[in-house]
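To keep things clear, I will list the structure first and then write my remarks on it.
The values are calculated or read from the model by the stated rules, or taken from the named source; none is laboratory data. As the structure is a computational prediction, the values presented were derived from the model and not from experiment. With ideal geometry, Cβ positions are generated from the backbone for all residues, glycine too; neighbour counts draw on all protein chains shown. For the accessible areas, the whole protein counts, side chains as well, though only heavy atoms, and no ligand, DNA or RNA atoms are used. Shrake-Rupley method; radii C 1.70, N 1.55, O 1.52, S 1.80 Å.
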Amino acid sequence: MSHASSLLENLYVHHHGWLQGWLRRRLGNGADAADLAHDTFVRLISGRTQRRFDSVAEARAYLRTTAQHLCINLWRRQEIEKAWLDTLASMPLANHPSAERQAMVLQALEEVLTMLHQLSPKAARAFTLAVICEMTDDEVGLELGVSGRMVRKYVAQAMLGCLSLRARQTATELSHEPAA
C-alpha cells in the first residue's frame, strides 16, 4: 500500500462516520447522508493534488466544506425536480411526456441551473426575467437597476452558456453514434 493510499484510508476510517453523522443531521435523511459522505471522499480521492491535513480540525473543515457544496447541489436538484413535478401535475395526464423524456428534461434543467450559477447573480437574474418571465430589456433593467443595453449583455452571456451546453450535448451524441 502506498503512503498516499494509507493517508486516505486513515482519513476515511477516522472521519467518515463523523461526516456521515454531520450530513444526517443537516439533511435529516440517512440515505442521502451516506451518498454524500461517499461522494465527498470520492472527490478527495479523485482530486488533482494529494491533500495533506495538519490537524483533525483542518481535515474536517475540508470535508465539511466539500460536503456542504454537495448538499447545495442536492438541494438544487430537489428544487428542480419539485418544480418539474408541479408542472406535470398541472398538465393533463395525456400530455405528460414519456419517462425517458422527463428524465431528459430534468437533466437539461439541472445543466442550465448549474450554468446560471456560474454567471454573476445579475446576469442569471436578467436571463431568467427576460427568457422565462418574458420581460422586455427595459423592464428587466428597471428591476435590476441597470440599462437595457446591460441586460442584453447579461442575456447574451447566459445564451452563450446555453449554446455551450448544447454543443457539449451534440458532441456527446456524436461520440455515441456508430462510425459510418
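Give me the 1.4 Å probe accessible area per residue for the chain, excluding ligands and nucleic acids, in Å².
Normalised by residue count, the accessible surface of the chain is 67 Å².
Using only alpha-carbon positions in the range 62-132, the gyration tensor eigenvalues give semi-axes of 26, 18, 10 Å once each is multiplied by 5 and square-rooted (largest first).
Helical runs assigned H by DSSP (4 residues or longer) give the chain a calculated mean residue ellipticity at 222 nm of -26500 deg cm²/dmol, each run adding -39500 (n - 2.57) before division by the residue total. Taking all protein chains together and a 1.4 Å probe, the residues ASP54, ASP137 rank ASP54, ASP137 from largest to smallest accessible area.
Restriction of the GluC sites (Glu not before Pro) in the range 53-144 to DSSP coil positions whose beta-carbon has at most 12 other beta-carbons within 10 angstrom yields GLU134. Rounded to the nearest 20, the size of the Cβ-charge dipole of the range 1-125 about its Cα centre is 400 debye, with Lys and Arg at +1 and Asp and Glu at -1. A dipole drawn for the chain from +1 and -1 charges on Cβ atoms has a positive end, and of MET135, CYS162, LEU23 the residue lying farthest that way is LEU23.
With the cut-off at 15 Å, report for the range 14-82 the share of all Cα pairs above it, as a whole percent. Cα-Cα pairs of the range 14-82 separated by over 15 Å account for 53 percent. Take the Cα of HIS96, step 7 Å toward its Cβ, do the same at PHE53, and the gap between the two points is 4.4 nm.
Please work out whether the range 121-180 counts as rounded, prolate or oblate from its C-alpha gyration tensor, where a ≥ b ≥ c are the square roots of the eigenvalues and a/c under 1.5 means rounded, while otherwise a/b larger than b/c means prolate and anything else oblate? Because a/c hits 1.5 or more and a/b exceeds b/c, the range 121-180 counts as prolate.
Sorting the Cα pairs of the chain by distance into bins of 10 Å, from 0 upward, gives 8, 23, 26, 25, 14, 3, 0 percent per bin.
Run the accessible area of the range 120-180 with a 1.4 Å probe and give the carbon-and-sulfur part as a rounded percent. Result for the range 120-180: 60 percent of the exposed heavy-atom area is carbon or sulfur.
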